[in-house]
1. Of the residues Ile359, Ile381, only one is in contact with a helix residue (DSSP H, G or I) (Cβ under 9 Å, 6 or more places away or on another chain) and not in a helix (DSSP H, G or I); which?
2. Name the single residue, out of those in segment 276-298 being open to solvent by 60 Å² or more (accessible area, probe 1.4 Å) and without any contact (Cβ under 8 Å) to a residue 40 or more places away in the chain, that is nearest to Met385 (Cα to Cα).
3. Of all residues in segment 416-450 being within 16 Å of Tyr475 (Cα to Cα) and among the acidic types (Asp, Glu), which is most open to solvent (accessible area, probe 1.4 Å)?
4. Pick from Lys142, Lys207, Lys163, Lys175: which is without any contact (Cβ under 8 Å) to a residue 60 or more places away in the chain and open to solvent by 20 Å² or more (accessible area, probe 1.4 Å)?
5. Quickly run through segment 319-346 and pick out the residues that are open to solvent by 40 Å² or more (accessible area, probe 1.4 Å), out of contact with any strand residue (DSSP E or B) (no Cβ under 8 Å at 6 or more places or on another chain), in contact (Cβ under 8 Å) with a residue 60 or more places away in the chain and aliphatic (A, V, I, L, M).
6. State yes or no: is Val348 closer than 17 Å to Gly258 by Cα, within 17 Å of the chain's Cα centre (by Cα) and assigned to a loop (DSSP other than H, G, I, E, B)?
7. Are any of the residues in segment 407-418 closer than 20 Å to Leu113 by Cα and acidic (Asp, Glu)?
Amino acid sequence: MQVSTVTTQLASVRLSTKQQSTSSSSASSTVVAGTVSDQSTPTATATAANVTPATVPAAPEPEIVDPFCNADTPQIITFQDVTSAAFKIRKGVELTPCVKSHFSDLIDMDIYLKKEFLQFTGSFKERGARYALLMLSEEQKKTGVISASLGNHAQGLSYHGWKLGIPVTVVMPLKASLMKIQKCRNYHANVVVQGADMGEAKRIALKMGHDRGLTYINGYDHPHIMSGQGTIGLEIVEQVSDIDAVVVPVGGGGLIAGVATAIKNLSPNTKIIGVESEKCPSFTRALENRGPIFVPNQETLADGLAVPQVGYNAYATTVPLLDKMVVVKEEWIALAILRLVELEKCVVEGAGAAGLAAILAGHLNEFIGKRVVLLICGGNIDTTMFGKCLERGMAAEGRLQRFTVTVSDGPGGVAKLCNLMASLGVSIKDIMHERAFIRDIHHVEVKVICETRDWEHSKEMRRVLQETYSKVHFYDMPMAISE
């Protein structure tokens, strides 16, 4: 695979189209059916006169491509690109804190959190977006830019485009968060909600950009985007000394490409660890394939990581610098979101919690007793999703329990169960009883969802219920405990 070094000057980014060769025989859009070999005879003349032209199906529209994302000539960013970005964006983005975590006291690991969710728009995406906008030519700034995004890149581009006076259009897939869509509108962007997923939204954005002469800015694979994200690595090395590992969430690959470029140049012995959700392991599949490959994504708590194919530039930049890539289950991401709220008072989205999820799941036990920085990349989670994540996290560690128990249908039968739960210090969240579908008319089946302090408390409750009632059924074991 050939690679070329990225320059800091932005070349023309008018979108180009792939040229499709057509033969001279197919140049005409219509053909005449039933051609007569001898048109001099009356019969031939009549036949030719009665022929109806048949329309040939129109050729498919040429594919619109992003000139900065080429599989044959991927661009690898350099340390100089990252430092150039740091100089240019320093007055427009926050220098976020990187502080020691409360988890250090619970896990035998010296953990630091780089809190990128404290950026104005709630994620690290501002850095690359601002740098890419600053590097546009005057003509490009006047015409405007376009991009496709699930939300965080769209917000960063919209906000800084507004502040810099550059028109911004963003195409967001139908499954994008309503909160993120509204935020982009608040930042005066032209928001187009189309496409079933990121892949389709990107194709729509490329077509719109080509038709309207807008500059397309890829949210994770544009060289200036990657360079801007790399400024996080410069800050981490300055804020924390003697780092053994930096854990980076991975979606399209732009963040880890930039951060790895910065850190490996300043601290070569620091390990770079990537983390993906099991629902969208695009980079892991790319490593197995030895190149980016399309990977159908499933719905995930870490929607910011749901990119079906990693960028060509990001992949080529990251692979030589990557030490380990891990994939985490959704239950661990939910639990990490819960833990960050309870212990750190940080509200983060699924992507931002991925690094902690990898530690909780035991994927990084080789760093026990060592210093690790977790990049908390974003906090843009809507309230509905946030509530679901908290409940799922509680279920994952056994604090939220559900069971079915058969009790007497006489006076006080259900009350006895409730009093027993209260005596154990268990909080009932939901309760319902069923009479119609059980054989014994003197008893009632009660379904309960309850909250306990921890898994040990849950086990105590299970033991007491089994000793008290002959028919009690507990549902699935806690997802994070049973592994």
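The values are calculated or read from the model by the stated rules, or taken from the named source; none is laboratory data. Worth saying up front: this structure is predicted, and the values here are computed from it rather than measured. We place every Cβ from the backbone using ideal geometry, glycine too, and count neighbours over all the protein chains shown. These area figures cover heavy atoms from the full protein model, side chains too; ligands, DNA and RNA do not enter into them. Shrake-Rupley method; radii C 1.70, N 1.55, O 1.52, S 1.80 Å.
1. Testing whether each residue is in contact with a helix residue (DSSP H, G or I) (Cβ under 9 Å, 6 or more places away or on another chain) and not in a helix (DSSP H, G or I) leaves just Ile381.
2. Only one residue tops the list, namely Gln298.
3. Here the answer is Asp430.
4. That would be Lys142, the only listed residue that is without any contact (Cβ under 8 Å) to a residue 60 or more places away in the chain and open to solvent by 20 Å² or more (accessible area, probe 1.4 Å).
5. Leu343
6. no
7. no
Residues checked against (1) closer than 22 Å to Ala314 by Cα; (2) in contact (Cβ under 8 Å) with a residue 12 or more places away in the chain; (3) not assigned by the TED database to the domain that holds Asn265:
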site: Thr73; (1), (2), (3): yes, yes, yes
site: Ala86; (1), (2), (3): yes, yes, no
site: Arg90; (1), (2), (3): no, no, no
site: Val93; (1), (2), (3): no, yes, no
site: Thr96; (1), (2), (3): no, yes, no
site: Ser101; (1), (2), (3): no, yes, no
site: Ile107; (1), (2), (3): no, yes, no
site: Asp110; (1), (2), (3): no, yes, no
